[in-house]
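Q: Structure provided below as structure tokens; questions to follow.
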Amino acid sequence: MGSVQIVTTVLAAAITAVAVWLAVRAVLRMVAVIRLGQPAPERFADKGTRAKTMLVETAGHTRMLRWGVVGAAHWFVMVGFIVLSLLVLEAYFEVVSPTGGLPLIGGLAVYGLVTEVIAVLGTIGIVVLIAIRVRNRPTRPGGRSRFTGSTMWQGYFVEAVVLAVLIMGFVIRGFKVATDHFEYPVWATPVSHAVGALLPAWPAGVSVAALIKIAISMTWLIVIALNVTMGVAWHRFLAFFNIFFKREPARPAGSGLGPLRPMTSQGKPLDFEEADPEKDQFGVAQVEQFTWKGLLDFSTCTECGRCQSQCPAWNTGKPLSPKLLVLSLRDHAYAKAPYLLAGGGKDLTGEEKATAAQLAHLDVLTLAEAEKPLIGDAEAGGVIDPDVLWSCTTCGACVEQCPVDIEHVDHIVDMRRYQVLIESSFPSEAGVMLRNLENKGNPWGAPQNTREDWTKGLGFEVPRVGEVDDFEYLFWVGCAGAFEDRAKKTTRAVATLLNEAGVSFAILGEGETCSGDPARRIGNEFVFQMLAQQNVETLNEAFEGRDQAKRKIVATCPHCFNTLGNEYGQLGGEFEVVHHTQLLAHLVSTGRLTPVQPVDGGVTYHDPCYLGRHNRVFAAPREVLGSALNGGGGAGSDLIEMPRNSERSFCCGAGGARMWMEEKIGKRINVDRVEEAMSTGARTVAVGCPFCSTMLNDGVNGKGAGEQVEVVDVASVLLRSVRPDTAPGEKQTAPTAG
Ligand code: SF4
Ligand code: SF4
């Protein structure tokens, strides 16, 4: 070992020792913070499926690749990071000796080739990512950026380090080539040989370059160890765990977001018959009341802003950004952690758990952080502003887009649950809806004995369950379908089409009550459970003695469709639920319904969030509309897609019980969507949801375009094509707003 190598070896060892010590300390701190969360035992079930899902999502980059170039570039950088860690290890041999290399695999041509290829592609990938970050920087003139609110220096720092480490890899190899110590052939390592042709034959060059490479890598480790909230770096390690412990690992990719998490206390679902607010946790009032998976979520956020770029609230000027919400919770959790780790915290009655002596060593900033209310406006010093919390439509775009499986909607609803159930603090206008649900079983407060009024004048009998036993489908009408004028037309259209196709169906009539979706999304789990249990009992009775495959329900409202199909299982109700567009598509494809007249004037389709993104029903409504557009085998026309469609569809603004709240901040979401729909030039905007219908109709009327554009359900479009002679009243026109 020469004198240069003695110096490089000592310096490499010293900086590595410091970096590793700081990194171990940071990991222990992070683990301690995450362990402050509540138990979530279900996250440890089915480890095999979890491991498989994690491997598929990470190795296949299944979520990132939805973003095309960014996804591909990130894949190469990720693979480069993993494989080229070997080259950092190799640098430790090279600081000791300029001819050093990895034992066993070092010297194999295939190792030289693989690392060379990955280093080249990784370099291209990181340059692309840097260019994208620069192009989308929040400070660029004009335009919105998904990076607004992200800590930009951290992103640039991480990317610069990756680029520098990759370049130093070529420089080390180049010096080996120049000094004739390189064991790999030119065909396997052409770039290294090209770099070597430019470098002098400096014998110490290899060790010095290796030291620089180690110093850059260890500086990166030191910086991230000193910044445990630097998700853009830590996600390289945490993302694997976050994806492994995701909420629905068994759900096949592309099958939707799945049910909302039930309310839990100490890791067990809450039973409202026995629950006691002084002993059991009702929702989340303090950051440590999230589960440990919640705290892991907050730690893993990469600040990429994909969620923010799709959020309807953020895109219409509301204060909610799912990214900024996660970052606020993360920063608060880590700032409050020393207090919690010292034994601090409030019990469920609000009393301090720690003694003064336990908290004596804490600084004032930590104690001030601990006193912040989780939900509160700027004056109250809250972590999350109420306007942020109540702006969410639970559209699921954030969860859908997040590359590391962060569960924003569950966290938002958990915070809403405490506000509604314990504080009775929620937008006052939604109180009428909740009272109506409790007293009348529907959000409109309509009398229960008018639930079957939509059947009048149909020209055929709509049987109730009990009057017929051999029905194939139970037609779940829903409150909108029974009481709201526009939605009643859809209900009648569906019933007419089912009758036309000879499908045997029956309704519950007055036996039906609200599915509970608006109560659950606003956070009133108590009312949801009350309504859902009643419905599950009714439905189980209606299907008594039937196999699972014959417990079939068709619903026109995607919120009912989602709640009955995905969430009633939590209460013992297992049914086969389809949306009416799925059943209609099946009836058309099997020839039981035949469109005979093409629909003209151009049709565009708005994907309802709870049908599309939440349940991945994208094709069926398009198939139905396609058949109506080409009815009778005519030339017809194609469906005109809006720029934001399918999984990137834009919300109408009604989900998450927003239907019953005033929209006072920013641009109205429905107006934004209507402008997009009208920009297609289509005369018909087809929908598959009564809430979307209301919101988009209001938007069209608000723009004074009711004469030019018609918002109508997919079923009504099909009915016009199947039965051009349709009974008067099925033609829908946009009603006057208000
Ligand atoms: S669910 Fe939709 S509205 Fe709510 S934060 Fe996510 S993207 Fe925004
Ligand atoms: S998409 Fe996920 S990782 Fe990216 S900013 Fe949003 S929450 Fe963070």
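Q: Which numbered condition trips up Gln286, out of (1) within 12 Å of ligand 2 (Cβ to nearest atom); (2) closer than 25 Å to Arg520 by Cβ?
A: (1)
Q: Another question, then. Provide a single number: the residues in segment 301-322 that are more than 15 Å from ligand 1 (Cβ to nearest atom) and surrounded by fewer than 24 Cβ atoms within 10 Å (Cβ to Cβ). Reasoning before the result, please.
A: Let us first name the residues in segment 301-322 that are more than 15 Å from ligand 1 (Cβ to nearest atom), namely 302-303.
Narrowing further to those that are surrounded by fewer than 24 Cβ atoms within 10 Å (Cβ to Cβ): 303.
Counting residues in segment 301-322 that are more than 15 Å from ligand 1 (Cβ to nearest atom) and surrounded by fewer than 24 Cβ atoms within 10 Å (Cβ to Cβ) gives 1.
Q: Another question, if that's okay. I'd like to know if segment 487-499 contains one or more residues that are surrounded by fewer than 19 Cβ atoms within 10 Å (Cβ to Cβ) and among the basic types (Lys, Arg).
A: Start the filter on segment 487-499 by keeping residues that are surrounded by fewer than 19 Cβ atoms within 10 Å (Cβ to Cβ), which leaves 499.
Restricting the remaining residues to those that are among the basic types (Lys, Arg) gives none.
For segment 487-499, residues surrounded by fewer than 19 Cβ atoms within 10 Å (Cβ to Cβ) and among the basic types (Lys, Arg): absent.
Q: Still on this structure, I have one more. Of all strands (runs of 3 or more DSSP E) completely enclosed by segment 531-621, which ones contain at least 3 residues that are under 19 Å from Glu500 (Cα atoms) and touching a residue at least 40 places away in the same chain (Cβ under 8 Å)?
A: 552-555
Q: Tell me, please, whether a residue that is assigned to a loop (DSSP other than H, G, I, E, B), within 19 Å of Leu611 (Cβ to Cβ) and touching a residue at least 24 places away in the same chain (Cβ under 8 Å) can be found in segment 687-705. Talk me through it step by step, then tell me what you get.
A: Residues of segment 687-705 that are assigned to a loop (DSSP other than H, G, I, E, B), as a first pass: 688-689, 703-705.
From what's left, within 19 Å of Leu611 (Cβ to Cβ): 688-689.
Retained after the next criterion (residues that are touching a residue at least 24 places away in the same chain (Cβ under 8 Å)): 688-689.
Yes, there is a match, as at least one residue in segment 687-705 is assigned to a loop (DSSP other than H, G, I, E, B), within 19 Å of Leu611 (Cβ to Cβ) and touching a residue at least 24 places away in the same chain (Cβ under 8 Å).
Q: Determine which member of the set Gln401, Gln419 is within 15 Å of ligand 2 (Cβ to nearest atom) and either touching a residue at least 24 places away in the same chain (Cβ under 8 Å) or in contact with a Phe, Trp or Tyr (Cβ under 8 Å, 6 or more places away or on another chain) (or both).
A: So the residue among Gln401, Gln419 that is within 15 Å of ligand 2 (Cβ to nearest atom) and either touching a residue at least 24 places away in the same chain (Cβ under 8 Å) or in contact with a Phe, Trp or Tyr (Cβ under 8 Å, 6 or more places away or on another chain) (or both) is Gln401.
Q: Out of (1) part of a helix (DSSP H, G or I); (2) touching a residue at least 12 places away in the same chain (Cβ under 8 Å), the odd one out for Leu55 is which?
A: Condition not satisfied by Leu55: (2).
Q: Can you say whether Leu325 is within 24 Å of Val404 (Cβ to Cβ) and either in contact (Cβ under 8 Å) with a residue 40 or more places away in the chain or within 16 Å of ligand 1 (Cβ to nearest atom) (or both), as far as the supplied structure shows?
A: yes
Residue-by-condition table, conditions (1) small (Gly, Ala, Ser); (2) in contact with a Gly (Cβ under 8 Å, 6 or more places away or on another chain); (3) modelled with pLDDT of 95 or more; (4) more than 19 Å from Thr8 (Cβ to Cβ):
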{"residue": "Val165", "(1), (2), (3), (4)": "no, no, no, no"}
{"residue": "Gly169", "(1), (2), (3), (4)": "yes, no, no, no"}
{"residue": "His181", "(1), (2), (3), (4)": "no, no, no, no"}
{"residue": "Tyr184", "(1), (2), (3), (4)": "no, yes, no, yes"}
{"residue": "Val191", "(1), (2), (3), (4)": "no, no, yes, yes"}
{"residue": "Ala204", "(1), (2), (3), (4)": "yes, yes, no, no"}
{"residue": "Ile214", "(1), (2), (3), (4)": "no, no, yes, no"}
{"residue": "Met218", "(1), (2), (3), (4)": "no, no, yes, no"}
{"residue": "Ile222", "(1), (2), (3), (4)": "no, no, yes, no"}
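Q: Could you please tell me which pairs satisfy a Cβ distance under 9 Å, a separation of 6+ or placement on different chains, a first residue in segment 123-149 that is within 20 Å of Met78 (Cβ to Cβ) and in contact (Cβ under 8 Å) with a residue 12 or more places away in the chain, and a second residue that is within 16 Å of ligand 1 (Cβ to nearest atom) and basic (Lys, Arg)?
A: Within 9 Å, the pairs are Arg146/Arg306; Arg146/Lys323.
Q: Does Leu238 qualify as being part of a helix (DSSP H, G or I), under 30 Å from Glu352 (Cβ atoms) and either touching a residue at least 12 places away in the same chain (Cβ under 8 Å) or aromatic (Phe, Trp, Tyr) (or both)? Can you show your working first?
A: Working: part of a helix (DSSP H, G or I): yes; under 30 Å from Glu352 (Cβ atoms): no; either touching a residue at least 12 places away in the same chain (Cβ under 8 Å) or aromatic (Phe, Trp, Tyr) (or both): yes.
So Leu238 does not fit the description; no.
Q: Where residues in segment 93-146 are in a loop (DSSP other than H, G, I, E, B) and polar (S, T, N, Q), which of them is surrounded by the fewest Cβ atoms within 10 Å (Cβ to Cβ)?
A: Thr139
Q: Looking only at segment 66-92, count every residue that is crowded, with 16+ Cβ neighbours inside 10 Å and polar (S, T, N, Q) and tell me the total.
A: Adding up the residues that qualify gives 0.
Q: Please go through segment 147-175 and give me each residue that is surrounded by fewer than 21 Cβ atoms within 10 Å (Cβ to Cβ) and in a loop (DSSP other than H, G, I, E, B), ordered by number.
A: Residues satisfying the conditions are Thr148, Gly149, Thr151.
Q: Scan segment 260-279 and give yes if some residue there is touching a residue at least 12 places away in the same chain (Cβ under 8 Å), within 16 Å of ligand 1 (Cβ to nearest atom) and on the phi < 0 side of the Ramachandran plot, otherwise no. Walk me through how you get there before you give the answer.
A: Looking only at segment 260-279, we keep the residues that are touching a residue at least 12 places away in the same chain (Cβ under 8 Å), and these are 260-267, 269-270, 272, 277-279.
Now narrow it down to the ones that are within 16 Å of ligand 1 (Cβ to nearest atom): 260-261.
Subset that is on the phi < 0 side of the Ramachandran plot: 260-261.
Yes, segment 260-279 has at least one match.
Q: So is Leu458 away from ligand 1 (no atom under 16 Å from the Cβ) and under 30 Å from Ala40 (Cβ atoms) or not?
A: no
Q: Taking the options Asp331, Asp363, Asp276, Asp347, name whichever one is within 16 Å of ligand 2 (Cβ to nearest atom) and surrounded by fewer than 18 Cβ atoms within 10 Å (Cβ to Cβ).
A: So the residue among Asp331, Asp363, Asp276, Asp347 that is within 16 Å of ligand 2 (Cβ to nearest atom) and surrounded by fewer than 18 Cβ atoms within 10 Å (Cβ to Cβ) is Asp331.
Q: Kindly evaluate Pro373 against the criterion of being part of a loop (DSSP other than H, G, I, E, B), at negative phi, within 16 Å of ligand 2 (Cβ to nearest atom) and of a type outside the set (S, T, N, Q).
A: Details: part of a loop (DSSP other than H, G, I, E, B): yes; at negative phi: yes; within 16 Å of ligand 2 (Cβ to nearest atom): no; of a type outside the set (S, T, N, Q): yes.
For Pro373, the condition - part of a loop (DSSP other than H, G, I, E, B), at negative phi, within 16 Å of ligand 2 (Cβ to nearest atom) and of a type outside the set (S, T, N, Q) - is not met.
Q: Okay, next question. For segment 15-43, give me the residue count where each residue is within 33 Å of the chain's Cα centre (by Cα) and among the polar types (S, T, N, Q).
A: Taking segment 15-43 and keeping what is within 33 Å of the chain's Cα centre (by Cα), we get 23-43.
This time we only want the ones that are among the polar types (S, T, N, Q), so: 38.
So the count comes out to 1.
Q: Looking only at segment 488-497, decide whether some residue is over 30 Å from the mean Cα position of the chain (by Cα), more than 17 Å from Phe471 (Cβ to Cβ) and without any contact (Cβ under 8 Å) to a residue 40 or more places away in the chain.
A: Looking for residues that are over 30 Å from the mean Cα position of the chain (by Cα), more than 17 Å from Phe471 (Cβ to Cβ) and without any contact (Cβ under 8 Å) to a residue 40 or more places away in the chain, one finds at least one in segment 488-497, hence yes.
Q: Please name all residue pairs, on different chains or six or more residues apart, with Cβ atoms under 8 Å, provided the first residue is in segment 96-118 and is closer than 14 Å to Ser192 by Cα and modelled with pLDDT of 85 or more and the second residue is among the polar types (S, T, N, Q) and assigned to a loop (DSSP other than H, G, I, E, B).
A: Correct list of pairs: Gly112/Thr189; Leu113/Thr189; Glu116/Thr189.
The values are calculated or read from the model by the stated rules, or taken from the named source; none is laboratory data. Every value quoted in this text rests on a predicted model; they were computed, and no experiment measured them. Note: ideal-geometry Cβ built from the backbone for every residue, glycine included; neighbour counts use all protein chains shown.
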